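Worksheet: one structure, shown below.
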Amino acid sequence: MKIGFIGLGNMGSAMAMNLLKAGHNVTVYNRTAQKAKPLIDQGAHPAADPAEASRADVVFTMLADDRAVESVSFGESGILAHLQPGSVHISSSTISVDLSQKLAAAHEKQNQQFIAAPVFGRPEAAAAGKLIVVVAGRTDAIDRCTPLFDVIGQRTFRFGLQPSAANLIKLSGNFLIASVLESLSEAMALVSKAGIDQHEYVDFLTSTLFAAPVYKTYGVLIADRKFQPAGFAAPLGLKDVRLTLAAGEQLRVPLPLASLIRDRFLALLARGGDSLDWSAISQIAVEESGQNVTTGRAA
């Protein structure tokens, strides 16, 4: 299949590489052109702009936020102006419900197909083709693109005909992960101040009641204080919680825990944590408990 791929960060580059290795004809675009070089070296075609990447059967976007997705979708060199009727835009970015609805309506006017297919998983899962894909949109478009989802992910879950449903699922999932980060951070700060080894504590948790990947992955990162390089940067965590709160406001669903977590991310960024993994919010709990954020011992 002829595929355009726009957005070659940690996640997008791994997804595009797997599509390329699966034998697809892949054209790649990234605002910072140097990030496309590893893919071009493996046979991908470079695109000078989003318009060139959009001359395909399917174009993926995997970008950081609403602004980035809007910038490549609209305008003279955007996807909407150059994607052929009947071709598919797959948005795998974590974006707002509002933007997803706007994109769906705009593509429909152009007789193009739009699917929201955000993914769950860190960069190592993307590289291994083990992402979890959450998809919503027209059934025929999803059926057509399912072989592509099978390449990038281990399982695909469908959530109906409205693309924005998949985006809401993604936001709710990231909110739950952030909630785990906060509760795990508080619990680990508590036992650490009592002199209990954090690695032993994480081993206990993940071998018994909390044997889930999110606890295993982030428990070890917190215990190791390994927040760089960021698998998912703290500013993106703040962005996703804000989008979750916006969706809650639109639907009139109070999300008091999301408000608390938003403030935790703000506190981390106020301390200069922009380049850190979002699990670094654990250091706020450490600091507030009177322990040294470097050693994890009483200050």
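The values are calculated or read from the model by the stated rules, or taken from the named source; none is laboratory data. If you're wondering where the values come from, they're calculated on a predicted model, not measured in any experiment. So basically every Cβ, Gly included, is an ideal-geometry build from the backbone, and we count neighbours across all protein chains shown.
General remarks:
- For segment 32-47, the criterion of being within 21 Å of residue 114 (Cβ to Cβ) and assigned by TED's automatic domain parsing to the domain that holds residue 131 is satisfied by at least one residue.
- Looking only at segment 67-90, residues that are touching a residue at least 40 places away in the same chain (Cβ under 8 Å) and within 16 Å of residue 104 (Cα to Cα) come to 4 in all.
- Against the numbered list (1) crowded, with 17+ Cβ neighbours inside 10 Å; (2) over 21 Å from residue 138 (Cβ atoms), residue 37 comes up short only at (1).
- When residue 36 is tested against (1) of a type outside the set (S, T, N, Q); (2) in contact (Cβ under 8 Å) with a residue 40 or more places away in the chain; (3) in a helix (DSSP H, G or I), exactly one condition is not met: (2).
- Among the residues of segment 267-291, those identified as part of a helix (DSSP H, G or I) and loosely packed, with under 15 Cβ neighbours inside 10 Å are 270, 288.
- Restricting attention to segment 89-121, the residues that are out of contact with any helix residue (DSSP H, G or I) (no Cβ under 9 Å at 6 or more places or on another chain) and of a type in the set (D, E, K, R) add up to 1.
- With respect to the conditions (1) in contact with a Ser or Thr (Cβ under 8 Å, 6 or more places away or on another chain); (2) among the acidic types (Asp, Glu); (3) under 24 Å from residue 147 (Cα atoms), residue 108 falls short on a single one, namely (1).
- Members of segment 48-63 found to be surrounded by fewer than 19 Cβ atoms within 10 Å (Cβ to Cβ) and assigned to a loop (DSSP other than H, G, I, E, B), listed by number: 48, 49, 55, 57
- Residues of segment 197-213 that turn out to be of a type in the set (Val, Ile, Thr), surrounded by 13 or more Cβ atoms within 10 Å (Cβ to Cβ) and assigned to a loop (DSSP other than H, G, I, E, B), as a count: 0
- Segment 214-265, residues that are surrounded by fewer than 16 Cβ atoms within 10 Å (Cβ to Cβ) and outside any helix (DSSP H, G or I): 226, 228, 229, 252, 253, 254
- Within segment 2-34, being buried (at least 16 other Cβ atoms within 10 Å of the Cβ) and on the phi > 0 side of the Ramachandran plot holds for one residue alone: 7.
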